[in-house]
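A short write-up of the structure that comes next.
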Amino acid sequence: MPKSMKKVYQISLIVIAIVIVLVVSSSSKKTYIEAKNETVTNKVDLNMMALRVEEEIKNDIYSAKDTYVGHLTGYTARCPLCTGHLACKSSYDVLNGQEYYNDPTYGNVRIVASSRNLPCGTIVRFNQPRISSEPIIAIVLDRGVLGTALDLLTNSEEYAVTTIGRSTVSYDVLRESWGNKE
């Protein structure tokens, strides 16, 4: 092989080696960048998964465990046969017109009386457009009705009679009893 050809051949090998080194180093940088992006993507996915789990938990506490149909009526803490003390929470003051109870899981909920069919601390949800355009979430803290009826605590007898009255209502049990919440 002539000397000039040998030099071209050596230069070609050097150029090819440089190209290979550049391609390899370029692809390793690309791999590093992709790995870095995958890490960011995984963090976003973990955040999305955490939000999804929270959503599932929330949906679970608001999913119906059972459904009943009964009469809905209203009562006050000062009704003729009432003592003003709740059967399930006798220390809770309702003589001052208090109609709500702050539950650790469900927040501020209405108070209802039920029969012993529903244990104390049971959370129910029902719709009653005359009272609220939103579903009403209530907790069983009192007794005094029969069967599957519910009696909603109100701050006045007039409101109980004129607004609530007596109607048939379908209600969902969201939580039976206190469970481990209280």
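If you go through the range 155-173 one residue at a time, do you hit one that is within 22 Å of the chain's Cα centre (by Cα), closer than 18 Å to SER63 by Cα and not in a strand (DSSP E or B)? No, because not a single residue in the range 155-173 is within 22 Å of the chain's Cα centre (by Cα), closer than 18 Å to SER63 by Cα and not in a strand (DSSP E or B). The single residue among ARG143, ARG125 that is surrounded by 14 or more Cβ atoms within 10 Å (Cβ to Cβ), more than 27 Å from the chain's Cα centre (by Cα) and closer than 20 Å to VAL169 by Cα turns out to be ARG143.
Residues that are in a strand (DSSP E or B) and among the basic types (Lys, Arg) within the range 108-125 comprise ARG110, ARG125, listed in sequence order.
Condition test on LEU118, is it buried (at least 18 other Cβ atoms within 10 Å of the Cβ), in contact with a helix residue (DSSP H, G or I) (Cβ under 7 Å, 6 or more places away or on another chain) and either in contact (Cβ under 8 Å) with a residue 60 or more places away in the chain or not hydroxyl-bearing (Ser, Thr, Tyr) (or both)? Considered against the rule, which asks whether it is buried (at least 18 other Cβ atoms within 10 Å of the Cβ), in contact with a helix residue (DSSP H, G or I) (Cβ under 7 Å, 6 or more places away or on another chain) and either in contact (Cβ under 8 Å) with a residue 60 or more places away in the chain or not hydroxyl-bearing (Ser, Thr, Tyr) (or both), LEU118 comes out as no.
Go through the residues of the range 84-107 one by one and say whether even a single one is in a loop (DSSP other than H, G, I, E, B), among the small types (Gly, Ala, Ser) and crowded, with 21+ Cβ neighbours inside 10 Å. No, the range 84-107 has no match at all.
Every read-out reported here was derived from the displayed coordinates using simple, explicitly stated rules and does not represent laboratory data. These numbers come from a predicted model, not from an experiment. All Cβ positions, even for glycine, are placed from backbone atoms using ideal geometry, and neighbour counts span all protein chains on display.
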